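Enquirer: Quick one: this structure, given as structure tokens, is what I'll be asking you about.
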């Protein structure tokens, strides 16, 4: 009877040790893969950001990180818009504007957008870096008919449903209100940040 009672305990111990070893090996393999892939993922992210900066400010030949530390921007409807980066756009030694990376929350999560802002505080162009919006619905914010409305607009852009947009208004997308409203919040946040930048220094 004694040997029968000891056998299950030894089996449980052996199983526990085996599981611990498997878990440890798996953790090491995951860490090793991450160590190999993380630099490449970071490099690709930096390349995509650099391409987006150039896309929204094509007249610039260099971009200088402002080291922005002003924190998130609160939108007109009370939602927080994270600011992920701010760069001065330069052509030679002349500053021609700035670029602001924002990540407002849409329907499917954060929408990463880079907004180019001219020296006089108007939208030069916008570029979506990444998003997880519903295909065929929220992804309509990638259509030029939508994002093209923002070019030339200044801080305090309003979104409307129906009717003809006035000078500083844009049409939101029917059926994709959350996505288009998030994009609008992001652009307005970028314009607010751009106003706080003066010669590369925060006011």
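The values are calculated or read from the model by the stated rules, or taken from the named source; none is laboratory data. Given the structure is predicted, the values throughout are model-derived calculations rather than measurements. Here the Cβ is made from the backbone with ideal geometry for all residues, glycine too, and neighbour counts use every protein chain on show.
Enquirer: For residue 153, are the conditions met, namely being surrounded by 15 or more Cβ atoms within 10 Å (Cβ to Cβ) and more than 27 Å from residue 69 (Cα to Cα)?
Expert: For residue 153, the condition - surrounded by 15 or more Cβ atoms within 10 Å (Cβ to Cβ) and more than 27 Å from residue 69 (Cα to Cα) - is not met.
Enquirer: Among the residues of the range 78-90, is any in contact with a strand residue (DSSP E or B) (Cβ under 8 Å, 6 or more places away or on another chain) and over 24 Å from residue 156 (Cβ atoms)?
Expert: The answer is yes; a qualifying residue exists.
Enquirer: While we're here: Only one of (1) in contact (Cβ under 8 Å) with a residue 40 or more places away in the chain; (2) touching a strand residue (DSSP E or B) at 6+ places or on another chain (Cβ under 9 Å); (3) buried (at least 22 other Cβ atoms within 10 Å of the Cβ) is not met by residue 95, so which one is it?
Expert: Every condition holds for residue 95 apart from (3).
Enquirer: Something else now. Can you confirm whether residue 70 is surrounded by fewer than 10 Cβ atoms within 10 Å (Cβ to Cβ), modelled with pLDDT of 85 or more and within 22 Å of residue 195 (Cβ to Cβ)?
Expert: Taking the combined requirement at face value, the residue does not satisfy it.
Enquirer: Does residue 190 satisfy being under 24 Å from residue 50 (Cβ atoms) and within 19 Å of the chain's Cα centre (by Cα)?
Expert: Yes; evaluated as a whole, the condition is true for this residue.
Enquirer: Further question on the same structure: Report yes if residue 187 is assigned to a helix (DSSP H, G or I), in contact with a helix residue (DSSP H, G or I) (Cβ under 6 Å, 6 or more places away or on another chain) and either surrounded by fewer than 19 Cβ atoms within 10 Å (Cβ to Cβ) or in contact (Cβ under 8 Å) with a residue 60 or more places away in the chain (or both), otherwise no. First the steps, then the outcome.
Expert: Details: assigned to a helix (DSSP H, G or I): yes; in contact with a helix residue (DSSP H, G or I) (Cβ under 6 Å, 6 or more places away or on another chain): yes; either surrounded by fewer than 19 Cβ atoms within 10 Å (Cβ to Cβ) or in contact (Cβ under 8 Å) with a residue 60 or more places away in the chain (or both): yes.
In short, yes.
Enquirer: Tally up the residues in the range 154-177 that are touching a helix residue (DSSP H, G or I) at 6+ places or on another chain (Cβ under 8 Å) and within 18 Å of residue 126 (Cα to Cα), please.
Expert: Of the residues in the range 154-177, 9 are touching a helix residue (DSSP H, G or I) at 6+ places or on another chain (Cβ under 8 Å) and within 18 Å of residue 126 (Cα to Cα).
Enquirer: Of everything in the range 47-62, what is in a loop (DSSP other than H, G, I, E, B) and closer than 20 Å to residue 121 by Cβ? Give them in sequence order.
Expert: 57, 58, 59, 60
Enquirer: Kindly indicate whether any position in the range 132-146 is over 22 Å from residue 63 (Cβ atoms), in contact with a strand residue (DSSP E or B) (Cβ under 9 Å, 6 or more places away or on another chain) and not in a helix (DSSP H, G or I).
Expert: Yes: one or more hits.
Enquirer: Right, something else. Are any residues in the range 102-122 surrounded by fewer than 24 Cβ atoms within 10 Å (Cβ to Cβ) and in a strand (DSSP E or B), and if so, which ones?
Expert: 105, 110, 112, 118
Enquirer: Further question: Mind checking whether some residue in the range 180-197 is more than 13 Å from residue 115 (Cβ to Cβ) and at pLDDT below 95?
Expert: yes
Enquirer: Would you mind telling me which numbered condition in (1) out of contact with any helix residue (DSSP H, G or I) (no Cβ under 6 Å at 6 or more places or on another chain); (2) in contact (Cβ under 8 Å) with a residue 60 or more places away in the chain residue 114 fails?
Expert: (1)
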